[in-house]
Amino acid sequence: MKQWLKNAVFYEIYPQSFMDTNADGIGDFKGIIQKLDYIKAMGFTAIWMNPCYASPFTDAGYDVEDYYLAAPRYGTNEDLRRLFAEAHARDMHVILDLVPGHTAYTCKWFQESMKPEKNPYSSRYVWTDSPWESLDNVDGIRGTIRGISQRNGCCGVNYYSTQPALNYGFAHVEAPWQHAVDSPEALATREELLQIIRFWLGLGCDGFRVDMAGSLVKNDDGQVETIRLWQDLLARVREEYPEAAFVSEWGEPDKALLAGYDMDFLLHFGPSHYNDLFREDNLYFSGEGKGDLRAFFDLYLHNLALTEGKGLICIPSGNHDMTRIAHHLDDKRLRLAYAFLMSMPGVPFIYYGDEIGMRYLEGITSVEGGYERTGARSPMQWDSGVNSGFSAAPPDRLYIPLDPDTDRPNVAAQLVDEGSLLNELKGLIALRKETPALQESAAFIPVCIDGYPLVYKRCDGEKTVLVVINPADREATCAFEGTLGNVLYCYGETPAAENGVLTVPACSAAYIELA
Ligand code: GLC
Ligand code: CA
């Protein structure tokens, strides 16, 4: 494993909403540079930044127009290089967001590929050979663009209709217009992807979060060929950049780590049961105490065993695609959720603003393809000044409106309040970093993962830490043999062990060394 991923704690930054330094109402690279000291002081060791390339922004930048150019609204390639350098100077790392599966419809490759004359980009995308032959039933394709080109054919899309699908080939070729995975056409796309990766690593970036990583090859049952593609590509990248880290948006660690990724996210979609933690109707971290993490842990423990020694599982507090965690949990339960995140194996990710409990804004108008996700992408709340310190632009020029609540939380206020959520999280991050038994590869030993309380041991061979969490409004007990030692962390009342029973007070969390 890359040394720098050991004991890493990531912070996800949505660049348009983080910090605006030129009063145009939109965040920028200089704003992120300005806040690096804050991010570092929180204890974060690395940053994942959402796409920041030139784009028409029909999907917030996940529609890339030019992979080799920073979006002018955020700054220049040189500013980005400086961001990497400034982060490194603080012993931090920055990963970019790589969108390998599709481009923007405005990308010059797509403009070329729409032309009737054959040219080097004719096969860069997935095209049929008749405008009437749709791709709607192709596995891995979300829809069809038709009627916009002189070229005869339809083009497949991966997400929105503005995001034509790049051609990495078909696992099973079933029509004359489909290319095999190892055809020159499909391999040309793969080579370009390698160039893009090299380009940014060469400028100093430390790796990538990879968008829809499992989606590249079409008609790919079980993603067998997509896995092979990544194995090939990542092996070649690593020859040159052994320290570069790759994190997949896959949601299936068994596949992603086989593909050669260092880490994979648990996601709010797919099979991982991530939503059972903080987001379903009967979410576990609620006072009602009706949640159930059985299904979550069944799969998690299975994957953890498979990934051991090979890679890591990332559990995020949230991200730019889902409701904010504070939409579902009250202030107390947020602390319990963070005590969970900071004591699990793998690498935790905190979404910007979750450290102060920023709210999810319901019912706001979609911005740049966000739709219901827009409410989780509002400007960062830095202080109690104009626009919460995010921007000096007139409030109606902000890219997404601020949380209108006059009591909205902010960083400045929470920094000086010892009992704030921000300081709770900061303390938990510090504790994780100084306690090897809580870190990425220390053993995870379930004690009670059925109902309430949630109890597990983390052990690094030297020390064993018992993690005890009870989000329910009522006391909860479980069978437990052992002697409680030094309490490293406690929120709420302290649990007690007696006569083979662990009694855990309502709404509490603790990390306790075992004697
Ligand atoms: C990923 C991104 C999401 C984007 C989609 C299409 O799921 O996280 O924001 O809209 O891919 O690229
Ligand atoms: Ca700006």
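The values are calculated or read from the model by the stated rules, or taken from the named source; none is laboratory data. Computed from a predicted structure; not experimentally measured. Here Cβ is always computed from backbone atoms with ideal geometry, including for glycine, and neighbour counts include all displayed protein chains. Heads up: the accessible areas ignore ligands, DNA and RNA and are worked out on the full protein's heavy atoms, side chains in. Shrake-Rupley method; radii C 1.70, N 1.55, O 1.52, S 1.80 Å.
In percent, what relative contact order does segment 443-514 have, based on Cα pairs under 8 Å that are 6 or more apart in sequence? Don't skip to the answer; put the middle values down first.
On the way: 186 pairs, mean separation 23.0, N = 72.
Worked out over segment 443-514, it gives 32 percent.
Given a 1.4 Å probe and every protein chain left where it sits, what share in percent of the accessible area of segment 443-514 is carbon and sulfur?
Working: 1340 of 3100 Å².
Answer for segment 443-514: carbon and sulfur cover 43 percent of the accessible area.
Once both labels are modelled 7 Å past Cα along the beta-carbon direction, what's the Asn152-Tyr68 spacing in nm?
Going by the 7 Å Cα→Cβ label model, 3.4 nm.
Mind checking the angle between helix 421-434 and the chain's longest principal axis? C-alpha axes, 0 to 90 degrees, to the nearest 10.
Compared with the principal axis, the helix lies near 90 degrees.
Work out the charge dipole of segment 123-235 with +1 on the Cβ of Lys and Arg and -1 on the Cβ of Asp and Glu about the Cα centre, then indicate which of Leu187, Gly204, Ala171 is farthest towards its positive end.
Value: Gly204.
Considering only protein heavy atoms and a probe of 1.4 Å, how much of the accessible area of segment 132-287 is carbon and sulfur, as a whole percent?
Working: 2850 of 6030 Å².
Carbon and sulfur together cover 47 percent of it.
When the helix-only estimate is applied to the chain (DSSP H runs of n ≥ 4, each -39,500 (n - 2.57), divided by the residue count), what is the mean residue ellipticity at 222 nm, nearest 500 deg cm²/dmol?
Working: 12 runs with 122 residues, N = 515.
That calculation yields -7000 deg cm²/dmol at 222 nm.
Obtain the nm distance between the two label points defined at Arg82 and Ala430 by a simple spin-label model: each point lies 7 Å from its Cα along the Cα-to-C-beta direction.
Output for this residue pair reads 3.2 nm.
Please sort by residue number the trypsin sites (Lys or Arg not before Pro) in segment 215-270 whose DSSP state is loop and whose Cβ has at most 12 other Cβ atoms within 10 Å. Working shown, then result.
Values: sites: Lys218, Arg228, Arg236, Arg238, Lys255; in loops: none.
Filter output for segment 215-270: empty list.
Given the convex hull of the Cα atoms of segment 104-226, what is a quarter of its surface area in nm²? Mind dumping the intermediate values first?
Numbers: hull surface 30.9 nm².
Mean projected area of the Cα convex hull: 7.7 nm².
Rounded, prolate or oblate: which one fits segment 102-167, using the alpha carbon gyration tensor with axes a ≥ b ≥ c (rounded when a/c is under 1.5, else prolate when a/b beats b/c, else oblate)?
Numbers: a/c = 1.71, a/b = 1.23, b/c = 1.39.
Oblate is the answer for segment 102-167, as a/c is 1.5 or above yet b/c matches or exceeds a/b.
Using 0.36 nm per residue of separation minus the Cα-Cα distance, give me the extension gain between Val173 and Val386 in nm, one decimal.
Extra length available between Val173 and Val386 comes to 70.9 nm.
With r defined as the distance between the Cβ atoms of Glu308 and Val487 and R0 fixed at 30 Å, what FRET efficiency is calculated, to the nearest 0.05?
Given R0 = 30 Å and the Cβ-Cβ separation, E is 0.55.
Counting pairwise Cα distances across segment 369-515, what percent come out greater than 19 angstrom? It would help to have the intermediate numbers written out before the result.
Numbers: 6807 of 10731 pairs.
Here the tail beyond 19 Å accounts for 63 percent of pairs.
Of the cross-linked pairs Lys310/Lys463; Lys2/Lys40; Lys35/Lys433; Lys35/Lys457, which ones have a Cα-Cα span greater than 25 Å in the structure shown? Walk me through the intermediate numbers first.
On the way: Lys310/Lys463 23 Å; Lys2/Lys40 20 Å; Lys35/Lys433 21 Å; Lys35/Lys457 36 Å.
Distance filter (> 25 Å) returns Lys35/Lys457.
For the chain, with every protein chain kept in place, what is the accessible area per residue (1.4 Å probe, Å²)? The partial results should precede the final answer.
Values: 19180 Å² over 515 residues.
Averaged over the residues of the chain, the accessible area is 37 Å².
At 7 Å along the Cα-to-beta-carbon direction for both Asn22 and Phe199, put a label point, then send me their distance in nm to one decimal.
Taking the simple label geometry, Asn22 and Phe199 are separated by 2.1 nm.
Compute the FRET efficiency between Asn137 and Thr365 as 1/(1 + (r/R0)^6), taking r as their Cβ-Cβ distance and R0 = 35 Å, and round to the nearest 0.05.
Working: r = 34 Å, r/R0 = 0.97.
E between Asn137 and Thr365, to the nearest 0.05, is 0.55.
Based on a Kirkwood Rh over C-alpha pairs, give the Stokes-Einstein translational diffusion coefficient of segment 443-514 at 20 °C and viscosity 1.002 mPa s in µm²/s.
Working: Rh = 11.9 Å.
Once the numbers are plugged in, D ends up at 180 µm²/s.
Are there GluC sites (Glu not before Pro) in segment 321-420 that DSSP marks as loop and that have at most 14 other Cβ atoms within 10 Å, and which are they? Write down the numbers at each step before the final one.
Details: sites: Glu355, Glu362, Glu368, Glu372, Glu418; in loops: Glu362, Glu368, Glu418.
Here the GluC sites (Glu not before Pro) that fit, given the DSSP loop and packing criteria, are Glu362, Glu418.
Which log10 I(q)/I(0) values, to two decimals, does the chain give at q = 0.06, 0.13 Å⁻¹ under the Debye formula with one point per Cα?
-0.29, -1.29
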